[in-house]
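Q: Input: one structure, supplied below.
The values are calculated or read from the model by the stated rules, or taken from the named source; none is laboratory data. Note that the coordinates shown come from a computational prediction; the quantities given were computed from them, not determined experimentally. Every residue, glycine as well, gets a Cβ built from its backbone with ideal geometry; the counts of neighbours run over all protein chains shown.
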Amino acid sequence: MLFNSLSFVVFLVIVLALYYSKIFNWTNKKRMLLLASYVFYGLWNPPLVILLWISTIVDWTAGNKLAVEENQRKRKMWLLLSMFVNLGFLAFFKYGNFLLENFTVIANSAGFEYEALPMDIILPMGISFYTFQTMSYTIDMYKRKIKPARTFLDFALYVTFFPQLVAGPIVRAKDLITQFYEEKRATANQFFWGIFLLTIGLFQKVVMADTLLADTSDTVFGSDKLLHGMDAWIGTLAFSGQIFFDFAGYSTCAIGIALMLGIILPDNFKYPYASLGFSDFWNRWHISLSSWLKDYLYIPLGGNRHGITRMYAALMITMLLGGLWHGAAWTFMVWGGLHGTYLILEKLQKQYLPFKITKWNGIFLAFITFSCINITWVFFRAREFDTAWNMIKSMFYMQIEGEKILGSFEILKVCVVIGLLFICHWLMKNTSMKAVSLKTNPVLLGVVWAIMLFLIIISQGSGEQFIYFQF
Amino acid sequence: MHLKQSLIIAISISIIAIGFWEFYWRSQGKIPDLDDNKDLWALQRAKVDNLSDKDVILMGSSRVLFDFQLNEWEAETGVRPLQLASAGTSPLPIFHDIVNNTNFNGTVLVGVTPGLFFSTTFPEAGPWKRAQNRVNHFKDRTYAQRFNHWLSMPLQENLALVSTSEEGWSDDIDLKSLLNNLSIGNRTGEPPMPPFYAFQYIDEDRNNIMSEKTATDTSFANSVKEVWKFFILGNKNPPEREATTNFFVADAKKFMDRGGNLILVRCPSSGWIKGGEDKFLSREEFWEPLVKSSKAHAYHFEDFNQFKNLECPEWSHLSATDARVFTTEIVKIMIADGVLINPKTN
């Protein structure tokens with residue numbers, strides 16, 4: 001079920017009515033939320049709920065065993081079981097065809113004549129998110145960082161909590177399970193703020209991403225022509241805006257919906273396009289994933305504890321795998337590799353060419369960072385290397401004759417939207433939406449809110465899926 | 001934080017603004033109508049599994065959609081046909097789906113619009129892909145999508161502002177469509193597509209009629225003619241007569257072998273389009289070989305005096321009034337030929 005759909009409006013009203021009715025005690029409210037979460041997921045493809053159940057049962061069992069088991073070898077076995085099941089799901093459902101394709105290429109290049117038909121596998125929505133979330137529980141249990149969930153219900157709800165089930169934020173057990181132990185009710189202000197966040201999130205998704213930017217991006221990246229430099233840049237800028245509004249929109253909706261239930265989810269985006277450098281970017285973009293990769297991949301790989309070379313290697317491996325997490329294609333690896341390279345170059349610059357960031361050079365640095373990130377989006381969005389390479393050639397005017405496929409108004413529209421997005425991120429980078437709202441006159445806030453509601457309603461949309469559902 | 005106050009203001013202003021928006025567009029002549037989208041099509045396709053050998057399925061391009069009126073068909077035969085025709089598409093993928101993915105062995109009427117029927121078998125070509133997308137959507141639609149569509153129907157039927165369409169009409173009033181109508185100069189150098197306004201209404205059964213405006217307002221009908229010219233003159237792909245005929249004939253044989261009753265109909269066209277069809281997709285070279293090799297019952301509008309004088313206001317489809325006459329008359333002919341059975345008299 002999509003947040004930007006009529007069925008979700010009905011679903012949410014029913015869930016909220018049941019949640020705040022007096023017919024259920026807290027345990028039954030949690031059962032209702034769990035059931036609602038399965039319905040939320042199952043309305044997309046009912047049989048795939050079974051994967052959620054398996055993941056839940058395996059990690060619940062592994063977590064309980066890890067809580068009492070003292071034998072280190074057995075503890076490791078339980079951890080490996082959890083990782084085998086979760087990563088096995090990912091390997092089969094998400095990377096099955098990718099692995100098969102590459103195996104075929106290697107086999108053929110080694111002289112073995114082998115041809116395999118692609119497997120007809122459905123990618124379960126949000127599988128990368130919930131497997132990472134449940135794995136974090138087992139790994140933290142293994143490291144004795146957290147206590148086991150008190151009840152199976154609490155754990156199952158942690159794995160399946162519908163607001164963040166399919167596209168995050170990826171929440172750690174210590175931050176979410178413990179919230180289920182005591183009865184939660186949103187205060188009036190929390191509830192209204194939750195509605196406000198839901199409105200902002202839907203506005204980002206329906207109006208900004210789907211209505212204003214998606215078509216331009218699709219036109220440019222769907223073209224099989226060699227494009228004019230302007231068209232290539234505008235298409236890339238449109239995608240950079242689209243993916244931000246799409247994903248940040250989902251996260252904002254998720255945080256708002258959870259808040260309406262009195263549950264607090266962490267921020268996932270903090271105005272990333274005004275980042276001053278690439279490490280700053282990863283502290284602001286998809287924060288829950290970057291912190292997951294840092295804690296469960298970069299640090300176990302050695303982090304910065306074993307010298308510079310090892311640190312760079314750990315950084316690059318983390319970013320490459322982070323890229324692969326997004327999709328089963330080499331283009332995603334390149335995207336991750338570019339980010340890894342940026343991060344290494346930034347560390348080298350800080351070591352050998354340090355300079356002070358002032359308010360004067362800051363915006364210039366933010367602009368350079370944003371431009372470099374745009375180049376990475378080309379590989380993220382393009383499905384083929386040829387498309388990506390053609391785009392890069394066009395963007396850097398390495399080909400003289402490029403075709404113009406975008407109209408002037410479309411170019412103007414994208415420039416205005418992305419320009420405002422960049423300025424907005426720059427102005428907001430050291431504050432928060434809540435802080436700004438607190439300072440805003442309630443009437444003005446109401447008018448802005450109304451404008452967003454009105455634009456959402458007249459945009460309507462065709463219920464476009466969120467981009468990150470496919471990851 | 002005075003969020004409650006802000007929320008009340010936001011809801012109040014939104015309701016007023018939406019009310020004004022609805023009122024404004026109604027004053028501009030916009031009326032609530034259903035969108036002929038893949039969900040509406042899938043609802044009809046889903047009924048196929050429950051049909052008997054007495055039932056009828058209509059398929060083809062927009063001419064079948066406009067020219068065959070379900071009420072008139074039902075009045076003549078006692079059977080309400082299922083309308084699976086799809087505008088701008090080749091009927092081949094849909095017929096292929098019915099033949100290969102169902103056990104239906106009743107009557108299938110396939111409309112032959114030469115420019116689309118004989119266009120292509122290439123899966124990525126527009127006429128094929130549009131039809132195949134609908135077939136795929138029927139197979140792949142989620143329960144959430146079904147629920148969304150079910151919830152959207154009363155909104156579409158009662159609010160003019162709910163106007164997103166799959167076709168992307170120039171008079172759609174969702175925000176994206178309104179923005180798409182804006183342009184500055186002609187940067188691409190390509191001839192711009194003429195505005196394509198919706199010129200029909202469809203109901204829940206996909207019974208489709210041409211709007212009164214198209215039938216009576218010549219300048220509006222001319223705007224649709226300009227679109228046909230744009231599409232037809234812009235199409236540089238030659239017809240694939242053999243490939244399309246062979247593809248269809250294979251399915252036709254399979255369908256008739258299991259007892260199905262297959263009818264081909266060439267609906268009326270007129271003016272510039274009829275001239276082009278006669279010249280480039282002639283009856284002798286396209287229609288007749290198809291009829292001969294498929295061994296289906298076949299009806300060409302030119303063979304009947306009562307249809308010779310039917311004029312299509314925009315060259316390709318009949319007005320609502322003429323469509324009722326056409327349906328009634330052609331069904332009578334089919335009954336007289338024994339191609340259709342009238343359960344009322346049998």
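Q: Just checking: which of the helices (runs of 4 or more DSSP H) contained wholly in the stretch B:201-282 hold 2 or more residues that are crowded, with 16+ Cβ neighbours inside 10 Å and β-branched (Val, Ile, Thr)?
A: B:218-234, B:241-257
Q: Could you tell me which residue of the stretch A:158-201 is surrounded by the fewest Cβ atoms within 10 Å (Cβ to Cβ), considering only residues that are part of a loop (DSSP other than H, G, I, E, B), under 24 Å from the mean Cα position of the chain (by Cα) and aliphatic (A, V, I, L, M)?
A: Result: A:Leu165.
Q: Has the stretch B:161-173 got any residue that is more than 26 Å from B:Ser27 (Cα to Cα) and not polar (S, T, N, Q)?
A: no
Q: Looking at (1) under 14 Å from the mean Cα position of the chain (by Cα); (2) part of a helix (DSSP H, G or I), which is the one condition that is false for A:Ile257?
A: Condition not satisfied by A:Ile257: (1).
Q: Test A:Ala254 against the stated conditions and say whether it is crowded, with 24+ Cβ neighbours inside 10 Å, touching a Pro at 6+ places or on another chain (Cβ under 7 Å) and modelled with pLDDT of 95 or more.
A: yes
Q: Taking A:Ile264, is it β-branched (Val, Ile, Thr), in a helix (DSSP H, G or I), over 25 Å from A:Leu315 (Cβ atoms) and in contact (Cβ under 8 Å) with a residue 40 or more places away in the chain?
A: Considered against the rule, which asks whether it is β-branched (Val, Ile, Thr), in a helix (DSSP H, G or I), over 25 Å from A:Leu315 (Cβ atoms) and in contact (Cβ under 8 Å) with a residue 40 or more places away in the chain, A:Ile264 comes out as no.
Q: Also: What pairs can you find where one residue is in the stretch B:116-145 and charged (D, E, K, R), the other is surrounded by fewer than 17 Cβ atoms within 10 Å (Cβ to Cβ) and part of a loop (DSSP other than H, G, I, E, B), and their Cβ atoms are less than 7 Å apart, with a gap of 6+ or different chains?
A: B:Lys129/B:Pro123; B:Arg130/B:Gly88
The rows are residues; the columns are (1) touching a Phe, Trp or Tyr at 6+ places or on another chain (Cβ under 8 Å); (2) away from chain B (no Cβ under 14 Å); (3) over 19 Å from A:Thr252 (Cβ atoms).
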site	(1), (2), (3)
A:Val166	yes, no, no
A:Ala173	yes, yes, yes
A:Tyr181	no, yes, yes
A:Gln190	no, no, no
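Q: In addition: Please note which helices (runs of 4 or more DSSP H) are completely contained in the stretch B:1-112 and include at least 1 residues that are within 14 Å of chain A (Cβ to nearest Cβ), at pLDDT 95 or above and under 23 Å from the mean Cα position of the chain (by Cα).
A: B:38-45
Q: So, in the stretch A:235-247, of the ones that are at pLDDT 95 or above and of a type in the set (A, V, I, L, M, F, W, C), which residue ends up surrounded by the fewest Cβ atoms within 10 Å (Cβ to Cβ)?
A: A:Ile243
Q: Now a separate question. For the stretch A:300-341, what are the residues that are under 24 Å from A:Gly168 (Cα atoms) and either charged (D, E, K, R) or free of Cβ contacts under 8 Å to residues at least 12 places away in the same chain (or both)?
A: A:Pro300
Q: Return yes when B:Ser282 is free of Cβ contacts under 8 Å to residues at least 60 places away in the same chain, of a type in the set (Ser, Thr, Tyr) and more than 30 Å from B:Ile341 (Cβ to Cβ) and no when it is not.
A: yes
Q: Now a separate question. Could you list all residues from the stretch A:1-30 that are within 27 Å of the chain's Cα centre (by Cα) and more than 21 Å from A:Leu202 (Cβ to Cβ)?
A: A:Lys30
Q: Follow-up question, since we're still on this one. Does at least one position in the stretch A:178-186 carry a residue that is touching a residue at least 60 places away in the same chain (Cβ under 8 Å), out of contact with any Cys (no Cβ under 8 Å at 6 or more places or on another chain) and within 22 Å of A:Leu445 (Cα to Cα)?
A: The answer is yes; a qualifying residue exists.
Q: Further, regarding this structure: On the given criteria, is A:Ala274 under 17 Å from the mean Cα position of the chain (by Cα) and either surrounded by fewer than 19 Cβ atoms within 10 Å (Cβ to Cβ) or closer than 30 Å to A:Ile195 by Cβ (or both)?
A: no
Q: Then there's this: For the list (1) without any contact (Cβ under 8 Å) to a residue 60 or more places away in the chain; (2) more than 18 Å from B:Gly60 (Cα to Cα), I need the number of the one condition that B:Ile335 fails.
A: Among (1) without any contact (Cβ under 8 Å) to a residue 60 or more places away in the chain; (2) more than 18 Å from B:Gly60 (Cα to Cα), the lone unmet condition for B:Ile335 is (1).
Q: I want to confirm something. Restricting to the stretch B:154-178 and keeping residues that are hydroxyl-bearing (Ser, Thr, Tyr) and in a loop (DSSP other than H, G, I, E, B), which single residue is farthest from the other protein chains (Cβ to nearest Cβ)?
A: Checked the stretch B:154-178; the qualifying residue farthest from the other protein chains (Cβ to nearest Cβ) is B:Ser170.
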